[in-house]
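Working notes for the structure below.
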Amino acid sequence: MATPSRILLQTTIPTVEDDWHIGRFSLLHDYLADLRDAAGDNLFEVVARDRDPIGAPDSVLSQLDATAFDELWLFAVDTGDGLTAEDCEAITRFRQRGGGLLVTRDHMDLGSSVCTLGGVGDAHFFHSRHPDPDASHHHRDDTFTPNILWPNYHSGANGDFQHVDINGPLHAVLTDPDAPGGMVHSLPAHPHEGAVDKPRDDPSARVIAKGCSKLSGTEFNLVVAFEPSSDGGPAIAESTFHHFADYNWNPSMGAPSFVTEAPGDALAHAPEAQRSIERYVRNLALWLAGRPVNTPIAA
């Protein structure tokens, strides 16, 4: 029996019902937990949790490098105080020991605590913290929500899907042998995605996928990949956690009350887009665990 890879799905806020708590990523959790290899064994053991109360190191994140987890999917849904110095140091050590790391955020300053993370944190640009020095990400795309400033990019309504443009050589996490061209072509849409880019001084990183605003036609980065090296394990910086949220996969599951934009329903009527998104998630989980993305999966 193969040993399943251990995944931690973790938010950067304590459990608050009217917010983006970890329960709003239940479809992702269930999809990963249900994946089985050709022998019928679970590919992943998945733990999902919110952080401990703000003001002290998180009991898990601050000791992540001493745990048995193989990968961390960090959903930065805080407004700047979601990670302590101890949390960041342990996450850095976790990756240095070979752990896989996904770090994702959203518009403006949402999730800006991740910019205190070395390496992957440097791929995230915000409004008030770690803004892009050459202003290439000082872009306000969604003008329908006036309180949301740059960076934000409008890839579509929550509940719709967007086309993924492959950037450079096709990366393993974007391969899909069952799709036209052999590549992932869709991700969930969101009205105001954040800004990510390759850190200028990190040769292990590159932008692997781009999107395009449905309002302005502006091209923006969706995914930055960090190849595993002697400095650390594989990592991904992604423009928005909404690529993984229940509300974006199925708007009928609801969202916090502060979400005011009307959702779409295009994804519900697009089985090929649904399959593409699932393939991306599967690839991502395998790649971050150091396993081949073409690992046979039970039907």
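Going by the structure shown, is residue 111 modelled with pLDDT under 95, more than 18 Å from residue 151 (Cα to Cα) and touching a Phe, Trp or Tyr at 6+ places or on another chain (Cβ under 9 Å)?
no
Report, by residue number, each residue of the range 1-17 that is farther than 18 Å from residue 81 by Cα and either out of contact with any helix residue (DSSP H, G or I) (no Cβ under 8 Å at 6 or more places or on another chain) or among the aliphatic types (A, V, I, L, M) (or both). Steps first, answer last, please.
The initial filter retains those residues of the range 1-17 that are farther than 18 Å from residue 81 by Cα, namely 1-9, 17.
1, 2, 3, 4, 6, 7, 8, 9, 17 - these are the residues of the range 1-17 that are farther than 18 Å from residue 81 by Cα and either out of contact with any helix residue (DSSP H, G or I) (no Cβ under 8 Å at 6 or more places or on another chain) or among the aliphatic types (A, V, I, L, M) (or both).
Could you count how many residues in the range 83-107 are under 13 Å from residue 241 (Cα atoms) and either of a type in the set (Gly, Ala, Ser) or in contact with a Gly (Cβ under 8 Å, 6 or more places away or on another chain) (or both)?
If we filter the range 83-107 for residues that are under 13 Å from residue 241 (Cα atoms), which is where we start, we get 102-107.
Remaining after also requiring either of a type in the set (Gly, Ala, Ser) or in contact with a Gly (Cβ under 8 Å, 6 or more places away or on another chain) (or both): 103-107.
Number satisfying all stated conditions: 5.
For residue 36, are the conditions met, namely being under 21 Å from residue 248 (Cβ atoms) and charged (D, E, K, R)?
On the way: under 21 Å from residue 248 (Cβ atoms): no; charged (D, E, K, R): yes.
No; evaluated as a whole, the condition is false for this residue.
Take the residues in the range 49-84 that are closer than 15 Å to residue 20 by Cα and aromatic (Phe, Trp, Tyr); name whichever of them is surrounded by the fewest Cβ atoms within 10 Å (Cβ to Cβ).
Here the residue is 73.
If you check every pair at least six apart or on different chains, which have Cβ atoms under 7 Å apart with a residue in the range 267-282 that is of a type in the set (S, T, N, Q) first and a residue that is at pLDDT 95 or above and part of a helix (DSSP H, G or I) second?
274/267
Any idea which of 98, 119, 111 is closer than 15 Å to residue 73 by Cα and surrounded by fewer than 24 Cβ atoms within 10 Å (Cβ to Cβ)?
Values: 119 fails: closer than 15 Å to residue 73 by Cα; 111 fails: surrounded by fewer than 24 Cβ atoms within 10 Å (Cβ to Cβ).
Only one candidate qualifies: 98.
Just need a number here: residues in the range 140-166 that are touching a residue at least 40 places away in the same chain (Cβ under 8 Å), surrounded by fewer than 20 Cβ atoms within 10 Å (Cβ to Cβ) and polar (S, T, N, Q).
Residues that pass the stated criteria total 2.
May I ask you to list the residues in the range 38-59 that are among the hydrophobic types (A, V, I, L, M, F, W, C) and closer than 28 Å to residue 193 by Cα? Write out each step before concluding.
Quick first cut of the range 38-59, residues among the hydrophobic types (A, V, I, L, M, F, W, C) only: 38-39, 43-44, 46-48, 54, 56.
46, 47, 48, 54 - these are the residues of the range 38-59 that are among the hydrophobic types (A, V, I, L, M, F, W, C) and closer than 28 Å to residue 193 by Cα.
Can residue 92 be described as farther than 21 Å from residue 16 by Cβ, surrounded by fewer than 18 Cβ atoms within 10 Å (Cβ to Cβ) and β-branched (Val, Ile, Thr)?
Values: farther than 21 Å from residue 16 by Cβ: yes; surrounded by fewer than 18 Cβ atoms within 10 Å (Cβ to Cβ): no; β-branched (Val, Ile, Thr): yes.
The answer is no for residue 92.
Please go through (1) at pLDDT below 95; (2) over 17 Å from residue 223 (Cα atoms); (3) of a type outside the set (Ser, Thr, Tyr) for residue 160 and return the number of the only condition it doesn't satisfy.
(1)
The values are calculated or read from the model by the stated rules, or taken from the named source; none is laboratory data. This structure is a prediction, so every number in the text was calculated from the model and none was measured. Neighbour counts are summed over all protein chains in view; Cβ atoms, including those assigned to glycine, are modelled from backbone coordinates with ideal geometry.
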